[in-house]
1. Is the stretch 153-162 home to any residue that is of a type in the set (S, T, N, Q), within 30 Å of GLU532 (Cα to Cα), under 30 Å from the mean Cα position of the chain (by Cα) and outside the structural domain of ILE275 (by TED's automatic domain parsing)?
2. When residues of the stretch 187-235 are filtered for being of a type in the set (Asp, Glu) and in contact (Cβ under 8 Å) with a residue 60 or more places away in the chain, how many remain?
3. One residue is enough: does the stretch 598-614 have a residue meeting the conditions within 23 Å of ILE693 (Cβ to Cβ), in the same structural domain as ASN730 (by TED's automatic domain parsing), aliphatic (A, V, I, L, M) and surrounded by fewer than 22 Cβ atoms within 10 Å (Cβ to Cβ)?
4. Could you check the stretch 257-277 and list, in sequence order, the residues that are outside any loop (DSSP other than H, G, I, E, B) and not small (Gly, Ala, Ser)?
5. In the stretch 614-661, how many are farther than 26 Å from VAL569 by Cβ, touching a residue at least 60 places away in the same chain (Cβ under 8 Å) and of a type in the set (D, E, K, R)?
6. Quick one: is SER707 under 39 Å from the mean Cα position of the chain (by Cα) and assigned to a helix (DSSP H, G or I)?
7. If you check GLU360 against the conditions, is it exposed (fewer than 15 other Cβ atoms within 10 Å of the Cβ), among the acidic types (Asp, Glu) and outside any loop (DSSP other than H, G, I, E, B)?
Amino acid sequence: MGGIAIGIQAHPEISSLVVGAVRIVIDLAIDFVTFFSKLADMLCQFEDYLGPLAEYAKASQDFALVQETVANVYGDLLDFCQKARRVFVDANGNLRKLTSLRLFLRQQWEPFETGFAPIKADMQHHMDVLLHSAQALQLNINREAKQERRQLKLQENKKERESFLDWISTIDFEKIHDDIYIKKHEGTGDWLIRTQEFRTWFSSPKSSLLWCHGKPGVGKSVLASNVLEHLTSDCALDENIAICFAYYNYRTPELWDISSILAAMIKQLCRKRDIIPNWLLDFKHDSLSPSTASKQESFIKLAEDLGFNEVYVVIDALDECPERERHYIIGFITETINTLPCAKFFVTSRRETDIVRAFEERSTPTIQIKAENVAADIEGFVHSEVKKLRHGYHGKKLHLTSDVLEARIIQTLTEKAEGMFLWVNLQLESLCRISEAQKDRLVEAALDTLPQGLDETYTRIVEQIDDQSEYMKRLALNCLMWIFYAKRPLRTQELQHALALATDETCQKQTDIDVDKVEVILKACGNLLEEEHDTIRPVHYSVQEFFMNPPGKMHRRRIQESIADSDSVHIILTSVCLRYIQLGTLSQPCKDPFEILYLVTGAPFAWYAAQCFDYHALQCKILPRDILELLEGLLYQDGALLAAIIQMRNLQDGFDYDWIIRDFDPVSFLVSASTIIYGTHLFEIDHIRTGWIDLTPPKYALHQASSTGLVNAVKRLLEQGCDINERDKNGASPIYYASVRSHLATAQLLLSEGAHINAQGGRYGNALQAASVGGHNKIVELLLSKGADVNAQGGEPHQDFQAAAKQGCQRQQAKRVLRKRTPGSIGRRPRRDFQAAAKQGRQRQRARRILRQRAPGGIV
């Protein structure tokens with residue numbers, strides 16, 4: 001019984017049961033001393049198997065094949081034990097009596113001993129099977145482990161690839177393409193693809209350039225999008241062909257930098273492959289900026305390394321890239337064509353002088369968009385639009401009773417369009433407005449006096465604007481002023497609040513603001529503007545050109561004269577900013593980032609007004625008395641309101657919660673009128689400076705002046721004995737603020753006067769790190785040339801988990817509250833802002849290429 005107890009104690013594993021059976025046999029053999037030695041010898045032959053078998057049993061829980069073979073071996077052992085037991089115990093479980101040893105040997109032992117050899121042979125066979133099973137299992141485990149490692153590696157590569165693609169560029173040219181291509185009327189644009197010039201370019205085995213040019217409004221961007229769709233349908237599934245594209249836009253300054261364009265194209269190349277070359281990944285691993293990787297050499301090398309036989313590149317609206325920047329992209333086109341064996345560029349633009357000169361020097365094949373080229377497209381477009389407008393769509397309706405008049409409209413617009421889809425759209429807008437009277441004769445009369453070309457069309461629209469009611473006329477004038485002269489494009493809500501104040505001089509407090517609806521604003525402007533992605537903007541580049549550079553021979557209306565007078569415009573914009581600040585919205589600094597976000601949601605123009613009132617004031621040649629009074633009224637305000645202005649000016653994006661968290665400053669020091677003057681461009685206005693600056697500089701005046709880039713103010717403060725290395729409440733010195741805001745002249749002055757170049761403090765730790773994170777190349781080069789330590793400790797590279805978790809909760813809280821306050825407007829960032837953030841993100845790290853050259857691996 002002792003052996004049975006051993007077999008079932010602890011845990012009833014099969015190995016324990018076998019061990020128990022063996023112990024039973026041993027116990028029995030003790031009672032039959034004569035056979036003990038013999039049984040012990042037999043058991044010893046099995047003894048070496050027990051340990052490995054026990055391990056096999058444990059390891060085989062999830063593997064049926066090994067379990068089965070282990071069970072077979074154990075079965076052999078149990079068979080031996082059972083037969084051994086029968087030698088000494090009868091069928092009733094009683095011990096056999098040893099009356100005659102010879103009889104016992106002959107009847108019990110000898111049959112058992114004879115059967116031992118087969119048992120041992122079976123056991124050896126099963127052990128061999130077990131060994132082979134284990135080996136097979138190990139091979140399977142190894143294979144599965146290898147597959148798992150490979151899958152893990154693939155997942156890691158995929159994650160790293162997506163991380164790199166997010167890092168290199170966030171410009172969404174795909175969305176821009178979709179927005180343009182959706183405007184294409186079915187069946188139009190195919191004439192270009194059928195031209196001999198295009199077919200030759202497309203089928204050429206060598207690198208080449210095809211330039212498509214035409215006047216404004218002929219649909220060059222839509223043609224470019226159609227070419228891109230054609231290339232996609234023919235080549236996208238070919239792994240050996242890559243397609244890259246970019247759409248320029250004069251209202252998107254971040255696209256003017258060639259590194260932004262190349263970064264987006266490098267991303268497009270990488271999307272064609274599952275693996276990104278290590279040399280390209282190293283730019284990100286070394287914490288360098290995307291612009292460091294976004295060079296034409298990188299694009300060319302990447303195209304070669306990825307093994308593309310052909311690379312197609314579509315670039316639209318090259319003329320909307322400023323002339324001072326265009327030579328970079330033209331140089332890229334030229335170098336790529338000269339280097340890659342089969343790089344094919346398709347470029348659209350107007351016939352700007354520098355573009356003509358650059359392309360004609362290469363004898364570039366060209367396609368000119370002439371009226372006869374697009375006559376059929378224009379006719380189809382007009383026919384379709386008129387039919388739809390008669391039924392009404394997108395809130396517009398062309399009221400006609402005569403089908404004959406409809407046919408005449410189609411014929412007239414087709415004949416006079418001169419290839420300009422934009423002209424057709426503007427005429428249809430006008431005819432819809434005229435037809436609201438539901439009198440066909442009025443539409444017929446309008447057809448007889450249609451303006452020729454875009455300039456005449458714009459002139460007539462201006463006349464219509466000028467003939468509106470006084471309020472609508474004033475609304476249009478102020479709207480166009482903000483569209484053309486704002487320091488940055490305004491969000492729709494910002495513009496609405498600015499216009500509400502500009503058109504209502506009786507408004508005294510925030511609750512008095514009565515904003516106009518977007519459709520009212522657009523109607524007031526004669527449909528020269530459109531709203532897209534939370535921004536109101538001109539329907540075409542030529543609209544802004546018409547107002548800012550009016551045709552010389554045309555008579556200019558009062559609204560044109562007013563908009564062309566930049567001095568008067570900036571006076572008005574200054575007034576609106578100053579009045580908005582003093583409506584009571586900004587009364588004291590906000591206590592936390594969420595409070596700022598809540599404030600700008602209710603008063604969306606507050607951030608722009610606080611940041612840019614001095615910019616507009618500085619643009620005025622002479623400040624009139626009423627503006628000076630507004631400025632003085634501001635400076636007389638309580639220190640808490642002035643501190644709120646400083647807090648707003650510290651923000652780089654007042655509508656993005658992550659940016660607000662990053663830039664939040666409680667402004668806990670005393671702020672006076674002198675602080676505002678030293679911290680804004682008001683210092684550069686003589687009347688204000690001489691009348692308001694205290695003899696004793698206010699607290700942190702040198703920091704404020706350095707942050708704003710006021711070289712003369714910095715000189716004055718240094719002459720007055722201000723400590724050039726004073727630390728503020730954030731531990732930062734003036735050189736830090738000049739660096740983080742990219743004021744080169746100010747930084748040069750501070751360094752020449754003895755500023756500690758490696759002074760620690762501020763969010764990023766020191767001036768060099770701050771300039772590097774901001775992507776301020778020239779500042780980085782200056783600091784390095786003056787001996788800045790590239791390995792100096794940076795500041796706050798990461799948040800701790802609790803802080804990050806807390807901020808995450810605050811973000812969600814902010815979005816919940818603001819959704820209730822302004823449904824649908826929170827958590828949906830305009831694409832323009834994503835592009836701006838992408839640009840800023842690229843700039844933050846741009847300077848790191850210099851740091852890498854000086855101290856490889858030292859940038860974190």
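1. no
2. Number satisfying all stated conditions: 1.
3. no
4. ILE258, ILE261, LEU262, MET265, ILE266, LYS267, GLN268, LEU269, CYS270
5. Residues that pass the stated criteria total 2.
6. Spelling it out, SER707 is indeed under 39 Å from the mean Cα position of the chain (by Cα) and assigned to a helix (DSSP H, G or I).
7. So GLU360 fits the description; yes.
For every residue, the table says whether it meets (1) in contact with a Phe, Trp or Tyr (Cβ under 8 Å, 6 or more places away or on another chain); (2) modelled with pLDDT of 95 or more; (3) in the same structural domain as THR574 (by TED's automatic domain parsing).
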| position | (1), (2), (3) |
| --- | --- |
| PHE655 | yes, no, yes |
| ASP694 | no, no, yes |
| PRO698 | yes, no, yes |
| LYS715 | no, yes, yes |
| GLN720 | no, no, yes |
| ASN730 | no, no, yes |
| VAL740 | yes, no, yes |
| ALA755 | no, yes, yes |
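The values are calculated or read from the model by the stated rules, or taken from the named source; none is laboratory data. Note that this is a predicted model, so its numbers are computed, not measured. A quick note on method: Cβ atoms are made from the backbone with ideal geometry, for glycine too, and the neighbour counts reach across all protein chains shown.
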